[in-house]
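Student: Got a structure for you, questions after.
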Amino acid sequence: MQTACIEEVGERAAEVIEQKLLEFCCLLRAYEIQVTAGRIIDIFRSLQTIDVFQRDTFYTALEANVVSRAGDRELFRQLFLQFWSGPTWVMPPDPCVPVGEDACAPLPLALEQAKMHAGSWDFRNDAGSEEPQQTVALYSPQEVLTRKDFGKMAGQELLRVQRLITAMARELATRMSRRKKAGAKAHVIDPGRTMRRSLRYGGEVMELVQRGPKLGKTKMVVLCDVSGSMDIYTTFLIQFLYGLQNGLRGIETIVFSTRLTRITPLLRRRNIDAALQLISETVQDWSGGTKIGACLHEFNWTMAANMVTSKTLVIVISDGWDTGDTAVLDSAMAQLRRMALRVIWLNPLLGSANYQPLCKGIQTALPYVHDFLPVHNVESLRQFGHLVASLI
Amino acid sequence: MEFHSIEALQEAMHTHDYICDRALATIVFLALKLEKPILLEGEAGVGKTEVAKVLAAMLRAKLIRLQCYEGLDVNTALYEWNFPRQMLHIKIAEAAAHATAEQIEHELFSTDYLIKRPLLEAIQSGMTQPTVLLIDEVDRSDEEFEAFLLEVLSDFQISIPEIGTMKAERPPLVILTSNRTREIHDALKRRCLFHWIDYPSFDKEYAIVRTKVPGIAAHLASQVCQFAEAMRQQDFYKRPGVAETLDWARALLYLGRERLEVPTIEETLGCVLKYKEDLDKANEDLLETILNTIRV
């Protein structure tokens, strides 16, 4: 078997390989795997040290440089298999032209060899070079998508929006944690700086320099309604919660319809599909009826003690269709408001123009709610993000 | 120590009792050649931290470890002035009255009064000898710290205003590990070679157990590994990693057990499952069922 790093395969062959690699990187980008210029350079540097004829080594080298999220590994594997599936991987050695010396070989021969190499590095008659462009085109109408109601989306749009939401949640998570640092107030003496400052006065401590303590992480508890009436929105919301959960610590997520299920640990799965699968297996009352009052009451009594403090944002996501007793809901909401920093109610129905909060559940809950926001499309999730970022 | 091929490196790791697959060996090989950090992710107990320890031993390098936690800040990671000592020095200088203010200041901010934390230590150590820097459980640190880390990892240079800039001649080999309690920022990830360490296959785990627990009988080792593998198929809150398998194998060895039986397993289950909920779930019936699926 041949062994050679990229510098030894010959100039033409190297060019072909490099060309193919760039195409492959474009393909990866089209699937939103971040391949930056720096990474491409590192790939080429890697190829100088490894044996490019060994498929698994080649694979590992590319993967290590390109993939940085466990969830992207499977996608990368599939794209790799699809793109680099030549008829044979091992390039047939040419007896006349020893590898490594073909730079000096007559041009026609070198050309021949390059073609041969191209053959084995090729895939599906170059269909790949067109495919990425198609995919890119398909991804462009972002603006339209951000305003579209989740309930009216299908197929490709769903996928696209899922990615958008996850990205947004992560961005939001980072911004939220930065704010805390900026908002820190100073009231602890910093001995090191005080010491250094004292040198100005010949070693006497004249000024006390203070250091800002880190604020405790504000916690967020999300209570999400997964009853039948919420069905079309639930997938997106869980997606959003998944993104938040994985970007930020201190978030608890609980879903409810007739009873409560804490899904925080389930959201910590390697990828969103596995998480969704697990959640749908675990949550037994999925798409059932709604007893918001009873559920919130149960939450207050069982979980709230560990989760809700005066620094906690409580977010309830529900359309407010309650089949239970309104008196229970009333007292539960009152208690929740007393405990939490802020109660935010997100309602997907609020997105439609002619919606009026008339149903009993919403009417009971509204007086206790600090913010009442829509949550039916990406734009509204973004609004919600701004609100949360301004609060903590 | 130079490695000329991936095979040689894999072999060297084996001789240091770390059974690694070719993919991991390739990553380490690349990291050494490209001088890039490695980011290892995987479930708890699959041997992420061990990689750094083994590499340090293998490269005859100094291992410097930075354990991340929530609230870790620059002072604890990089350097801090030894302020009580500085204070004392001032007082002594005052009493002796032998120096001017400039002299005292010059002395106070010399390296003698610097408390070196892991990152500075790694950079300084990188000036004289090969160094492996292990940044453990980076997902536990705060986002701000991550941004700072990014700065250090990109050029291995630290500026201390009072002293000047320090730069590692040869950048240390950096291993970052993460348990994925949260996603690490993309900018940091881009600097690193990424590798996911999965739960090992039966063969690999068997090899690990035989290597790490020398006295164990082949039969028992095989049973333990199969059982651990089957346990991972179950829906536990925390599934056992290789570390747990090894603990368990050692426990069984010390107890003088020669084969797995339900009472034996129940006695030693604390080695494998660490949560009460999981222990409750693993009742006699479940253990019996799993045990029956194991080929003898």
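A short reminder: the numbers here are calculations on the coordinates, not readings from a lab. From a predicted model like this one, the values you see are computed outputs, not experimental measurements. Backbone-built Cβ (ideal geometry, glycine too); neighbour counts: all protein chains shown.
Student: Residue B:99: net charge of surrounding residues, Cβ under 12 Å, Lys/Arg +1, Asp/Glu -1, itself excluded? Intermediate values should be presented prior to the final figure.
Tutor: Values: positive: none; negative: B:94, B:102, B:105, B:107.
Summing Lys/Arg as +1 and Asp/Glu as -1 gives -4.
Student: From the convex hull of the Cα coordinates of chain B, what is the mean projected area in square nanometres? Walk me through the numbers on the way to the answer.
Tutor: Details: hull surface 77.6 nm².
The directionally averaged projection comes out at 19.4 nm².
Student: At 7 Å along Cα-to-Cβ for each site, give me the label-to-label distance between residue A:356 and residue A:323 in nm.
Tutor: About 2.6 nm, to one decimal.
Student: Now for a separate question. Antiparallel versus total DSSP beta bridges in chain B: what percent is that, nearest 5? The partial results should precede the final answer.
Tutor: Details: 7 of 26 bridges.
DSSP beta bridges in chain B are roughly 25 percent antiparallel.
Student: Equivalent-ellipsoid semi-axes (√(5λ), Cα gyration tensor) for region B:238-294, whole Å, largest first?
Tutor: Numbers: eigenvalues 56, 44, 20 Å².
Gyration-tensor ellipsoid for region B:238-294: 17, 15, 10 Å.
Student: Using a Förster radius of 35 Å, what is the FRET efficiency between residue A:379 and residue A:264 based on their Cβ-Cβ separation? Nearest 0.05, please. Provide the component values of the computation, followed by the final result.
Tutor: Details: r = 27 Å, r/R0 = 0.77.
With R0 = 35 Å, the Cβ-Cβ based efficiency is 0.85.
Student: Related question: List the residues whose amide H sits under 5 Å from the amide H of residue B:61, counting only those 5 or more places along or on another chain, with H placed 1.01 Å from N in the peptide plane.
Tutor: Amide H neighbours of residue B:61: none.
Student: So what are the ³J(HN,Hα) numbers for region B:282-287, from phi and the Karplus equation (6.51, -1.76, 1.60; θ = phi - 60°), rounded to whole Hz, Gly and Pro as x?
Tutor: 7, 7, 4, 4, 5, 4
Student: For residue B:157, list long-range residues whose amide hydrogen, built 1.01 Å from N in the peptide plane, is under 5 Å from its own amide hydrogen.
Tutor: Amide H to amide H, under 5 Å and 5 or more residues apart or across chains, residue B:157 pairs with nothing.
Student: On to the next question. Report P(r) for region B:42-146: all Cα-Cα distances, bin width 10 Å, range 0 to the bin holding the largest distance, values in whole percent.
Tutor: In whole percents, the pair-distance histogram is 14, 31, 27, 17, 9, 2, 0.
Student: Assign unit charges at the C-beta atoms only (+1 for Lys and Arg, -1 for Asp and Glu), then state the dipole size of region B:166-296 relative to its Cα centre in Debye, rounded to the nearest 20. Before the final figure, lay out the partial values.
Tutor: Details: 20 positive and 20 negative charges, 198 e Å.
Roughly 960 debye for region B:166-296.
Student: Take the Cα atoms of region A:238-392, find their three principal axes, and give me the spread along each one in whole Å, biggest first.
Tutor: 40, 31, 31
Student: Which order do the peptides A:304-314, B:86-96 take when ranked by the mean count of other beta-carbon atoms within 10 Å per residue, highest first?
Tutor: Working: A:304-314: 17.0, B:86-96: 14.5.
Highest-to-lowest ranking by the protection proxy: A:304-314, B:86-96.
Student: I've got another one for you. Which one of B:175, B:103, B:118 is farthest out on the positive end of the charge dipole of region B:103-191, using unit charges on Cβ (Lys, Arg +1; Asp, Glu -1) and the Cα centre as origin?
Tutor: Towards the positive end, the residue furthest out is B:175.
Student: Can you give the local net charge around residue B:217? Use residues other than it whose beta-carbon is closer than 11 angstrom to its beta-carbon, Lys and Arg +1, Asp and Glu -1. Before the final figure, lay out each step's value.
Tutor: On the way: positive: B:210, B:257, B:259; negative: B:258.
Spelling it out: positives minus negatives among the neighbours equals +2.
Student: To continue, here is another question. Around residue A:331, under 13 Å between beta carbons, what's the net of Lys plus Arg minus Asp minus Glu among the other residues?
Tutor: Numbers: positive: A:337, A:338; negative: A:298, A:325, A:330.
Result for the local shell: -1.
Student: Which length gain, in nm to one decimal place, applies between residue B:286 and residue B:82 when the Cα-Cα distance is subtracted from 0.36 nm times their residue separation?
Tutor: 67.7 nm
Student: Measure off 7 Å from each Cα along the Cα-to-Cβ vector at residue A:391 and residue A:302, then give the distance between these two points in nanometres to one decimal.
Tutor: Each label point lies 7 Å from its Cα, and together they span 2.4 nm.
Student: Let me ask something else about it. Suppose R0 equals 56 Å. What FRET efficiency, 1/(1 + (r/R0)^6) with r the Cβ-Cβ distance, do residue B:258 and residue A:22 give to the nearest 0.05? Write down the numbers at each step before the final one.
Tutor: On the way: r = 59 Å, r/R0 = 1.06.
For R0 = 56 Å, the calculated efficiency reads 0.40.
Student: For region A:26-35, in order, what is each residue's ³J(HN,Hα) by Karplus, 6.51 cos²θ - 1.76 cosθ + 1.60 with θ = phi - 60°, in whole Hz (x at glycine and Pro)?
Tutor: Values per residue, Gly and Pro as x: 4, 4, 4, 4, 4, 9, 6, 8, 6, 10 Hz.
Student: Using packing as a proxy for protection, rank A:359-368, A:30-39 so that the peptide with the highest average count of other Cβ atoms within 10 Å comes first.
Tutor: Numbers: A:359-368: 18.0, A:30-39: 15.5.
Those peptides, ordered most packed to least, come out A:359-368, A:30-39.
Student: Here's a follow-up. Quick one: which residues, 5+ away or cross-chain, put their amide H under 5 Å from the amide H of residue A:315? H built at 1.01 Å from N.
Tutor: A:221, A:222, A:223, A:344
Student: Would you kindly work out the equivalent ellipsoid of region A:348-392 from its C-alpha gyration tensor and give its semi-axes, the square roots of five times the eigenvalues, largest first in whole Å? Mind showing how you got there, number by number?
Tutor: Details: eigenvalues 85, 47, 7 Å².
Values for region A:348-392, descending: 21, 15, 6 Å.
Student: Something else now. When you look at the Cβ of every residue in B:41-52, what mean number of other chain Cβ atoms sits within 10 Å? Don't skip to the end; give the middle numbers.
Tutor: Working: counts 5, 2, 1, 0, 0, 0, 0, 0, 0, 0, 0, 0.
Other-chain Cβ atoms within 10 Å of each residue's Cβ, averaged: 1.
Student: Sticking with this structure for a sec: If we sort A:6-19, A:222-235 on the protection proxy, mean other Cβ atoms within 10 Å, highest first, what's the order? Working shown, then result.
Tutor: On the way: A:6-19: 18.8, A:222-235: 21.1.
Listed from highest to lowest mean packing, they are A:222-235, A:6-19.
Student: A further question on this structure: How long is the gain from residue A:29 to residue A:282 if the chain were fully straight, where each residue apart is worth 0.36 nm and the alpha carbon distance is subtracted? Intermediate results must be reported in sequence, preceding the final value.
Tutor: Details: separation 253, 0.36 × 253 = 91.08 nm, distance 3.49 nm.
Separation in residues times 0.36 nm, less the Cα-Cα distance, equals 87.6 nm.
Student: Over the alpha carbons of region B:129-284, what is the largest minus smallest coordinate on each principal axis, giving the biggest first in Å?
Tutor: For region B:129-284, the Cα extents along the three principal axes come out at 64, 34, 27 Å.
Student: Next question. Rounded to the nearest 0.05, what FRET efficiency do residue B:127 and residue A:273 have when you use their Cβ-Cβ distance and R0 = 51 Å? If you can, show how the numbers build up before the last one.
Tutor: Details: r = 48 Å, r/R0 = 0.94.
Between residue B:127 and residue A:273 the formula returns 0.60.
Student: Let me ask you something else. Within 10 Å of each Cβ in peptide A:55-68, how many partner chain Cβ atoms are there on average? Round it to a whole number, please. Before the final figure, lay out each step's value.
Tutor: Numbers: counts 0, 5, 7, 1, 2, 12, 8, 0, 7, 15, 8, 3, 5, 13.
That average works out to 6.
Student: Applying the Karplus parametrisation 6.51 cos²θ - 1.76 cosθ + 1.60 with θ = phi - 60° to the phi angles of region A:348-353, what ³J(HN,Hα) value in whole Hz is obtained for each residue in order, glycine and proline being reported as x?
Tutor: x, 6, 4, x, 7, 4
Student: If you take every DSSP beta bridge fully contained in region B:105-222, what fraction is antiparallel? Give it as a percent rounded to 5. Walk me through the intermediate numbers first.
Tutor: Working: 4 of 8 bridges.
Percentage antiparallel, nearest 5: 50.
Student: Which parts of region B:230-268 would a label at residue B:44 reach, counting a residue when its backbone N lies under 14 Å from a point 7 Å out along Cα-to-Cβ?
Tutor: The answer is B:236-245.
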